[in-house]
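Written out below as structure tokens is the structure these notes cover.
The values are calculated or read from the model by the stated rules, or taken from the named source; none is laboratory data. The model shown is predicted, which means the values in this text are computed figures rather than measured ones. Here the Cβ is made from the backbone with ideal geometry for all residues, glycine too, and neighbour counts use every protein chain on show. These accessible areas exclude ligands, DNA and RNA; they are computed on the full protein's heavy atoms, side chains included. Shrake-Rupley method; radii C 1.70, N 1.55, O 1.52, S 1.80 Å.
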Amino acid sequence: MGATRRRIGTGTWIVLALIVVAAVCVISGLLPTPDPGALGLRTAPVLGFVVAITIVAELAREAAVFDVLAQRLAGWGRGRVVALWASVVALAVVSTVFLSLDTTAVIVTPVVVVLAQSIGVSPLPFALATVWLANTASLALPVSNLTNLLAAPAIGAEPAAFLALSWAPTLVGVLIPVAILTIVHRRTLFGSYRVPPPGAASDRSLFWGAAGVLIVLLPLLTVTHEVWIPATAAAVVMLVLFAVRRRHVLRLSLVPWQALGLAAALFVLVETAHANGILDFLLSFASGGNDPGELLRLAAVGALTANGVNNLPAYLILEPAAGDPVALMALLIGVNLGPLVTPWASLATLLWHHRIVALGVEIRWGRFMLWGLVVAVPTVLVATLALILVAG
């Protein structure tokens, strides 16, 4: 019993407690009877996508797709750290946009940190790039973030409608963090390194099969509204591949139980708070209009609320204040680009910190929060102004 308790971390106990409280809300009737069913219909596709895309990403990592890609990036850099830096930024952005921010935090972070360590440069700017871009690049497409999936039906029936509003703020969300990191770490990033010898996957059939699944899946996620369908199909194909080639890898831990439980519990708790008027005071800080001042205020309130409680409940709390697609995108700017300050503002940040600590990279939360504030304020402000320009 004692050994079992030691294996369960504090974060797991917190998630379990939230699940119990959410269950009590449903069973006791605090969440009115019609609401759980409606909430389930809305959130099931979202949570299903999270499960499927996590399985795809984890099995792609097991097939060495990300490792081989990182090694190729090191070769393409030709000994120039700045060229490698640009490649890592591109990898983090593509991973976030198409495979979601949690994938970047969990999968790409260790790849780029180990890559930086292997060529003898400080991994800190590479680690910070992954966590900041995991959040700020997650505005691009509906599949990039859970909050986007929730907002997408109201923004437009097709991903193109979402992208029409999100492309300019996303570009700002990538450029400002990268520019700040490049300036602050210029001595590291404008140096040179010795190119390591290229590696190869131990199972080439599995590698190419997994790579092929990703190549087919990525464009489908940009053109399909019901993104859980291609993601689920890709997960099934990956599971079959591994069942044939490397069965021992298949385990229940491939499913992100903790993230799934946290998201489901937060959905129920926020919906319960809404139903009982507990969170109505927050809506008084955000109006439903879409003139520049109101959009800036909505984005700012979204960022502050995300850093206070977490970006997912922040979106759900403030969603009623966003009366049209432009206002919804302003809210998404706040809850996606803003949660760079507090450790709990984004699940991706907590996942990222766990990974970098395991790899021997240390960063104090005080320093992380200070730099996060330096990045978040101009990023949210300029991204909202960019939205105002493209929406006008």
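What net charge is computed for the residues neighbouring V50, neighbours being all others with C-beta under 13 Å from the C-beta of V50, Lys and Arg scored +1, Asp and Glu -1? It would help to have the intermediate numbers written out before the result.
Numbers: positive: none; negative: E58, D102.
Local charge sum for V50: -2.
What are the trypsin sites (Lys or Arg not before Pro) within the stretch 299-392 that DSSP puts in a loop, where the Cβ has at most 14 other Cβ atoms within 10 Å? Each step should come with its number before you reach the end.
Details: sites: R355, R364, R367; in loops: R364.
Here the trypsin sites (Lys or Arg not before Pro) that fit, given the DSSP loop and packing criteria, are R364.
The modelled label-to-label distance between S205 and I14, using points 7 Å beyond Cα along the C-beta direction, is 4.5 nm.
Only Cα pairs under 8 Å and 6+ residues apart enter the sum, and on that basis the relative contact order of the stretch 140-246 stands at 28 percent. Of all accessible surface on the chain at a 1.4 Å probe, what whole percent is carbon and sulfur? Of all accessible area on the chain, carbon and sulfur atoms account for 69 percent. Other residues lying with their Cβ under 13 Å from the Cβ of F242 contribute a combined charge of +2, Lys and Arg counting +1, Asp and Glu -1. The Cα atoms of the stretch 68-225 give a gyration tensor whose axes a ≥ b ≥ c have a/c of 1.5 or more with a/b no greater than b/c, which makes the shape oblate.
For V390, V249, V223, what's the largest-to-smallest order of accessible area, 1.4 Å probe?
Working: V390 55, V249 5, V223 95 Å².
Ranking V390, V249, V223 by accessible area, largest first, yields V223, V390, V249.
Which order do the peptides 298-309, 162-173 take when ranked by the mean count of other beta-carbon atoms within 10 Å per residue, highest first? Before the final figure, lay out the partial values.
Values: 298-309: 25.0, 162-173: 22.1.
Ranking, from highest mean packing down: 298-309, 162-173.
Each Cα pair under 8 Å and six or more residues apart adds its sequence gap; the mean of these over the residue count of the stretch 318-392 is a relative contact order of 41 percent.
Once both labels are modelled 7 Å past Cα along the beta-carbon direction, what's the I215-L370 spacing in nm? About 4.7 nm, to one decimal.
Quick check: convex hull of the Cα atoms in the stretch 130-218, volume per residue, rounded to a whole Å³? Each step should come with its number before you reach the end.
Numbers: hull volume 12.5 nm³, N = 89.
Normalising the Cα hull of the stretch 130-218 by residue number yields 141 Å³.
Annotation: amide H-H contacts under 5 Å for S192 (H modelled 1.01 Å from N, sequence separation of 5 or more, or interchain): V81. Helix content alone sets the calculated 222 nm mean residue ellipticity of the chain: runs of n ≥ 4 DSSP H residues at -39500 (n - 2.57) each, divided across all residues, give -23500 deg cm²/dmol. Counting only GluC sites (Glu not before Pro) that sit in a DSSP loop (anything but H, G, I, E, B) with at most 16 other Cβ atoms within 10 Å, what is the longest stretch of the chain containing none of them? Counting only loop sites that pass the neighbour cut-off, the longest clear stretch is 1-225. Taken over the stretch 315-392, the convex hull of the Cα atoms encloses 94 Å³ per residue. Local charge for A64 was computed over the other residues whose Cβ lies under 14 Å away, with Lys and Arg +1 and Asp and Glu -1, and equals +1.
Report the gain in length on full extension from A154 to A90: 0.36 nm times residue separation, minus Cα-Cα distance, nm rounded to one decimal.
On the way: separation 64, 0.36 × 64 = 23.04 nm, distance 2.95 nm.
The A154-A90 span can extend by a further 20.1 nm.
The largest accessible area among H274, H354, H225 belongs to the first residue in H354, H225, H274, and the rest follow in falling order (1.4 Å probe, all chains). Please give me, ordered by residue number, the trypsin sites (Lys or Arg not before Pro) of the stretch 165-240 that lie in loop per DSSP and have at most 11 other Cβ atoms within 10 Å. Answer in residue order: R194. Accessible surface area normalised per residue over the stretch 336-392 is 48 Å², counting heavy atoms of protein chains with a 1.4 Å rolling probe.
Under the classification rounded if a/c is under 1.5, otherwise prolate if a/b is larger than b/c and oblate if not, where does the stretch 232-271 fall, given a ≥ b ≥ c as square roots of the Cα gyration tensor eigenvalues? The partial results should precede the final answer.
Values: a/c = 7.59, a/b = 2.62, b/c = 2.89.
Note, shape of the stretch 232-271 comes out oblate.
I'd like to check one number: the per residue accessible area of the stretch 206-276, probe 1.4 Å, reported in Å² as a whole number. Before the final figure, lay out each step's value.
Numbers: 3520 Å² over 71 residues.
On a per-residue basis, 50 Å².
Here the stretch 257-392 is treated as a sphere whose radius is the Kirkwood value from Cα pairs; by Stokes-Einstein at 4 °C and 1.567 mPa s it diffuses with a coefficient of 83 µm²/s. Descending by average beta-carbon neighbour count within 10 Å, the peptides 138-148, 86-96 line up as 138-148, 86-96, the highest first. Maximal additional length on extending the R80-V114 stretch stands at 10.5 nm, based on 0.36 nm per residue less the C-alpha distance. Out of every Cα pair in the stretch 104-174, what percent are spaced more than 14 Å from each other? Percentage above 14 Å: 63.
Ratio of alpha-carbon Rg to the 2.2 N^0.38 Å globular estimate for the chain, to two decimals, please. List each step's numbers first, then the result.
Details: Rg = 20.7 Å, N = 392, 2.2 N^0.38 = 21.3 Å.
Cα-based Rg divided by the globular estimate yields 0.97.
Please report, ordered by residue number, every helix of the chain (full DSSP H runs) that is 24 Å or longer along its axis going by C-alpha atoms and whose mean Kyte-Doolittle hydropathy reaches -0.5. Walk me through the intermediate numbers first.
Values: long enough: 10-28 (27 Å, 2.45); 34-62 (43 Å, 0.89); 81-99 (26 Å, 2.51); 159-184 (36 Å, 2.03); 204-223 (30 Å, 1.85); 228-245 (25 Å, 1.94); 257-275 (27 Å, 1.32); 292-309 (26 Å, 0.88); 365-391 (37 Å, 2.01).
Helices meeting the span and hydropathy rule in the chain are 10-28, 34-62, 81-99, 159-184, 204-223, 228-245, 257-275, 292-309, 365-391.
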